[in-house]
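So the structure is just underneath, and the comments pick up after that.
The values are calculated or read from the model by the stated rules, or taken from the named source; none is laboratory data. Just so you know, these numbers come straight off a predicted model, no measurement behind them. Here the Cβ positions follow ideal geometry from the backbone for every residue, glycine too, while neighbour counts run over all protein chains shown. Note: accessible area is taken over every heavy atom of the protein model, side chains too, but ligands, DNA and RNA are not part of it. Shrake-Rupley method; radii C 1.70, N 1.55, O 1.52, S 1.80 Å.
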Amino acid sequence: MSNVDTAEIQKFSEVAHHWWDPNSEFKPLHEINPLRLGWLDGHAQLASKAVIDVGCGGGILSESMAAKGATVTGIDLSEKALKVARLHLLESGREVTYRHIAAEDMAAKNPAAFDVVTCMEMLEHVPSPASIVRACAQLVKPGGWVFFSTLNRNAKSYAFAVLGAEYLLKMLPKGTHDYAKFIKPAELAGFARAAGLDVVDLTGMTYNPLTKIYALGRDTDVNYLMACRRPAEPGTPA
């Protein structure tokens, strides 16, 4: 539990009751979810896979992966967010197992237990993102997929993700992001390789403030997604 920013947990816990309101501060998550779900499914074919969603929050991605036919476990350190996630299952009828546990502790107790590991929009909110990446690498089976999404660190990302999204367009509450915690793709790739993962794909996500449409593409200057795989053990199919 040492890799925890209690202020970050508190920040998201205070607004947890808004998690499933598509017009709340979580509106961007609702809007990007179809894009990231399609990207994940295109790589990993989620149906019938054992998936763990690290930093699941209120369960937006977790539920959508369950709807694809995956067996999903969601973990988070915000009790309030998990309570909201569990309550929403009563509405949606989806099946997701939610647990209040740190990624590192889950990895120690369940090594190589999952076909797919997702860690989306979380790394920029923890003191040691490299520790989370290592835990994700431990959680996945040989040959399995690990997916990350986070924010690049440069002048453009500060202008768009902090000044633009939080202050000008007011898409997010002020203080949602700490620019110093943003992670360059090369840094994340380094964390992944150090943890024994192969980087397979790097995709950018952009937002057009005029059309209010998100899109995936080559521009990784602000938001980006990274697909990794744990090498298969010798003699086993990838």
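Please verify whether GLU91 is farther than 28 Å from SER131 by Cβ and acidic (Asp, Glu), treating the condition exactly as stated.
Against the criterion (farther than 28 Å from SER131 by Cβ and acidic (Asp, Glu)), GLU91 qualifies.
May I ask you to verify whether SER48 is part of a loop (DSSP other than H, G, I, E, B) and either under 23 Å from CYS136 (Cβ atoms) or in contact (Cβ under 8 Å) with a residue 12 or more places away in the chain (or both)?
yes
Would it be correct to say that ALA180 is at pLDDT below 95 and part of a helix (DSSP H, G or I)?
Answer is yes for this residue.
For (1) among the acidic types (Asp, Glu); (2) in contact (Cβ under 8 Å) with a residue 60 or more places away in the chain; (3) open to solvent by less than 20 Å² (accessible area, probe 1.4 Å), each residue gets a yes or a no:
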site	(1), (2), (3)
ALA70	no, no, yes
GLU79	yes, yes, no
GLU95	yes, no, no
ASP105	yes, yes, no
ASN110	no, no, no
GLU121	yes, yes, no
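Within segment 145-155, is even one residue free of Cβ contacts under 8 Å to residues at least 24 places away in the same chain and either touching a Gly at 6+ places or on another chain (Cβ under 9 Å) or surrounded by fewer than 24 Cβ atoms within 10 Å (Cβ to Cβ) (or both)?
Yes, segment 145-155 has at least one match.
If you check MET171 against the conditions, is it crowded, with 16+ Cβ neighbours inside 10 Å, modelled with pLDDT under 85, within 23 Å of PRO34 (Cα to Cα) and of a type in the set (A, V, I, L, M)?
yes
When you scan segment 4-13, how many residues do you find that are open to solvent by 20 Å² or more (accessible area, probe 1.4 Å) and touching a residue at least 12 places away in the same chain (Cβ under 8 Å)?
Summing the residues that are open to solvent by 20 Å² or more (accessible area, probe 1.4 Å) and touching a residue at least 12 places away in the same chain (Cβ under 8 Å) in segment 4-13 gives 6.
Do we have any residue at all in segment 21-31 that's under 16 Å from the mean Cα position of the chain (by Cα) and farther than 21 Å from MET205 by Cβ?
No, that holds for no residue.
So if I check each of VAL84, VAL133, which one is in contact with a strand residue (DSSP E or B) (Cβ under 9 Å, 6 or more places away or on another chain), assigned to a helix (DSSP H, G or I) and either open to solvent by 10 Å² or more (accessible area, probe 1.4 Å) or within 25 Å of GLY42 (Cα to Cα) (or both)?
VAL133
How about segment 105-130: which of its residues are within 16 Å of VAL51 (Cα to Cα), out of contact with any Cys (no Cβ under 7 Å at 6 or more places or on another chain) and not polar (S, T, N, Q)?
Selection gives MET106, ALA107, LYS109, PRO111, ALA112, ALA113, PHE114, ASP115, VAL116, MET120.
Report whether or not SER64 is of a type in the set (Ser, Thr, Tyr), closer than 19 Å to MET226 by Cβ and surrounded by 16 or more Cβ atoms within 10 Å (Cβ to Cβ).
No, not satisfied.
Hey, can you tell me all the residues within segment 191-205 that are surrounded by fewer than 19 Cβ atoms within 10 Å (Cβ to Cβ) and over 12 Å from ARG36 (Cα atoms)?
Result: ARG193, ALA194, GLY196, ASP198, VAL199, VAL200, ASP201, LEU202.
Could you please find all residues in segment 87-127 being over 23 Å from GLN45 (Cβ atoms) and among the hydroxyl-bearing types (Ser, Thr, Tyr)?
Answer for segment 87-127, where residues must be over 23 Å from GLN45 (Cβ atoms) and among the hydroxyl-bearing types (Ser, Thr, Tyr): just TYR98.
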